[in-house]
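Following: one structure in structure tokens, then a few remarks.
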Amino acid sequence: MLSSIYRATTRLSSTKWLATTTRGMASDSATFDLTGSFETYNLDNAPNNTIEATRDDLMHKFKTMYTMRRMEITCDNEYKAKNIRGFCHLYDGQEAVAMGIQSALTQEDSWITSYRCHCTALLRGGTVSRVVGELFARANGYSKGKGGSMHFYNKEHNFYGGAGIVGAQVPVGTGLAFANKYHAAPGEPMNVAIACYGDGAANQGQIWESANMASLWKLPMIFCIENNQYGMGTSIDRHSSHSDYYQMGNHIPGIRIDGMNVLAVQEGMRFVRDFTSNGNGPMYVEMMTYRYHGHSMSDPGTTYRNREEIAFTRSTRDPLEFIKKTLVDAGFADAEELKSIEKQIRKEVQAEVLKAKEWPHPEKESMFKDIFTKDGTSDSQEFPPFIRMPDYEKSFYAPN
Amino acid sequence: LRSTTHYEIPKRALSLHIPDHFVTDLIMFASALRTALPTSRRFAGLSIQGSKRTLATVELSVRDAINAALDEEMERDDGVYIIGEEVAQYQGAYKVTKGLYQKYGDKRVIDTPITEMGFTGLAIGSSFKGCRPIVEFMTINFAMQAIDQIVNSAAKQYYMSGGTLSCPIVFRGPNGNSAGVAAQHSQCFASWYSHCPGLKVVMPYDCEDYKGLTKAAIRDENPVMILEHELMYGVTMPLSDEAQDKDFVIPIGKAKTQLEGTDVSVITFGKNVGLALEAAEVMATKGVSVEVINLRSLRPLDLDAILATAKKTGRVVTLESGWPQNGIGAEIAAILMETDAFNYLDAPMERVTGADIPMPYALELENAALPQLSDVIAAIERTTYRKLAA
């Protein structure tokens, strides 16, 4: 198990801390080295080996990623306190992937992911209180308390879930790319669509079905494998006969990116977006990443991997430690400042959680809503004429 | 009867794919008739002279009725597109989409690889972002490959997103038995799809149903499954003046009293409405007045129509070709039991269903596995006490 992590780290050597940084002309921007962060397949070009980033941008990334981390840790605690029910799949360890994608894509680009979606929901127009509020089953939660951990959606911010069935989000994501092309002027750059899925999902047949159509029809589609080395409790050695997922598109170009380095993810995704947006067809992107928690809250995460591996990853490859070190090494912040920001964010997240706990649970009547829509706008209602309830006499008849 | 005047072919007639010369001939004939008989313009129900409704009832095949509906809706809304196997260059596996590829091109009539799960999910995703796809399944049997997408990505979407994401998609294709295509190609999915909240399910019978329900489905903002019947595609039936209109839609969720009667209600849907009407004709000669209810919509079910007819006649026979266990007839039986319609029943409800077996190939076996006229009559006679139950 540890060997597979070694394999991943030796291939993508950018997990070593940045060797060099050079200050740009302005003292609040610097150039960072990304050598070794990328491996390409069927591509003539590659992403740049450097990226320029401003202090503000890096601080924003740090704060956002730290908020994501605190939110997920809070979910852990709240789940154990039995304030969250059902499934709860946490994203801590993988923050750099979502943050990097968000940095490279625009709000017009469509994003769909799996059930491990709290952080993506946060990035795409969400707030901690609405995410956590949904987990607490509150009426002001993301899906009005009717979705739960796996079902967040934000149409305005082009975030399409949150999908509970492993792999099913990929054809749907390909459809989002299809719609982007359908509505674009021929020959013009198109908005892209990205579907994120795990190494566990990567062998699903419907993914190849989607990739085949995306390639045939030159859709602006990004197939993004978040390879955290495990499909639930089964390591990639045990579930994949071939685990170079970025090569799984046969002829479709692919790129493997160090997913613990948010700047590498951003630059890699910039490259991928450029490619797919301009009518070249789809691309496979494999993010090498890791999750600290088990598959879900009912999985301690230690029966199929050992604690040394988790500790090793945390101490050598943690995405938050990386961004902090980047800030400090570039002279943009010192350790004290970052510590105080962390303290501040902890307070903010706590406040958001308390706010969410004040919200009411959904009213009983809400169970009859949202079965059909009247005109497709948010919340428009078309009630079925009759909804049978467990006790027939409590059945619902649509208001006339 | 040739006239030298040139008549402009009304566009609507063309969209029904009636050959041009037929329309011209009809108009010329009508015009000649009008000249010959200078009475009311509405002679013999023909309304002529440049009004939109230039034709009265026409006869066309179910296939052409569906084609007209698809064509009209594609013309009306640029976001509507058709996707499926062989829908474009092949002109449709059953020729239902004939001519549409020539008219609308690659962008809007799309041939797919044989990957139902993939293209169904793709269509659903596109419907979240401004498209209105019509997914054709070569047969609904193949939709089973995509049933996860249909139920989990489409039907449940609006609900689990708390009213955020709706899915204006249509799934359509031939459902149920055909002729000798055996077990894997003959299943009726009426029960499976009408089981799911969030999905609308319609099953048309005649040309009017096919045209009106298909248009309603395409205009509906919710996912709709249209269960067609392959053996009906070639059947020619009348399409009324009203139903020829480009904005003629049949509301989903409302049944039709296909035939009014007083002694017994036969509640059915799809192709079997024809069988019920045949049975009604036979029973009329025996002095039994049969009311035939064409459900049209399986989800939502028209509860009011079911209860009204049961209370009116007091005797109910349901008719379906699908498997009996957990079928539509079973649902209607439960409805009759749990509502006050029970108090109006003068006899137990009878179900006529397909046999509880996978569909066999041999003709005699296939016929025996499907409801025949004699089966419907037997059920009617039992429930009207014309014949004692065995």
Whichever residue in the stretch B:96-119 is of a type in the set (Phe, Trp, Tyr) and more than 7 Å from every other protein chain (Cβ to nearest Cβ) and, among such residues, is nearest to residue B:76 (Cα to Cα)
B:104
Where a residue in the stretch A:140-158 is facing chain B (nearest Cβ under 8 Å) and in contact (Cβ under 8 Å) with a residue 60 or more places away in the chain and its partner, wherever it lies, is in a loop (DSSP other than H, G, I, E, B) and hydrophobic (A, V, I, L, M, F, W, C), with Cβ under 6 Å and at least six apart
A:145/A:137; A:145/A:139; A:155/B:165
Only residues that are buried (at least 16 other Cβ atoms within 10 Å of the Cβ) and without any contact (Cβ under 8 Å) to a residue 60 or more places away in the chain: list them for the stretch A:58-82, please.
A:64, A:68, A:73
How do the pairs read when you match residues in the stretch B:319-331 that are closer than 9 Å to residue B:191 by Cα with residues anywhere that are crowded, with 24+ Cβ neighbours inside 10 Å, using Cβ under 6 Å and keeping only pairs 6 or more apart or on different chains?
B:322/B:188; B:322/B:190; B:327/B:320; B:328/B:190; B:328/B:320
Looking at (1) farther than 28 Å from residue B:292 by Cα; (2) open to solvent by 10 Å² or more (accessible area, probe 1.4 Å), find the lone condition where residue B:194 falls short.
(1)
For the condition more than 14 Å from chain A (Cβ to nearest Cβ), out of contact with any Pro (no Cβ under 6 Å at 6 or more places or on another chain), without any contact (Cβ under 8 Å) to a residue 60 or more places away in the chain and of a type in the set (D, E, K, R), what is the one hit in B:75, B:86?
B:86
Taking the stretch B:73-103 and keeping residues in a helix (DSSP H, G or I) and either touching a strand residue (DSSP E or B) at 6+ places or on another chain (Cβ under 8 Å) or basic (Lys, Arg) (or both) leaves B:73, B:74, B:76, B:100, B:101, B:103
Being crowded, with 24+ Cβ neighbours inside 10 Å, over 15 Å from the mean Cα position of the chain (by Cα) and at negative phi narrows it down to one residue among A:132, A:170; which is it?
A:132
Under the condition of being in a helix (DSSP H, G or I) and hydrophobic (A, V, I, L, M, F, W, C), which residue from the stretch B:131-143 is farthest from the other protein chains (Cβ to nearest Cβ)?
B:140
Within the stretch B:360-380, is even one residue part of a loop (DSSP other than H, G, I, E, B) and of a type in the set (Asp, Glu)?
no
Matching residues, the stretch A:99-129, being over 30 Å from residue A:274 (Cβ atoms) and surrounded by 22 or more Cβ atoms within 10 Å (Cβ to Cβ)
A:128, A:129
Qualifying residue in the stretch B:120-130 (condition: aromatic (Phe, Trp, Tyr), part of a loop (DSSP other than H, G, I, E, B) and within 9 Å of chain A (Cβ to nearest Cβ)):
yes
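The values are calculated or read from the model by the stated rules, or taken from the named source; none is laboratory data. In this text, all values refer to a predicted model and were calculated from it rather than measured experimentally. Please note: Cβ atoms are built from the backbone with ideal geometry, for glycine as well, and neighbour counts cover all protein chains shown. Just the protein is used for accessible areas: all its heavy atoms, side chains included, with ligands, DNA and RNA removed. Shrake-Rupley method; radii C 1.70, N 1.55, O 1.52, S 1.80 Å.
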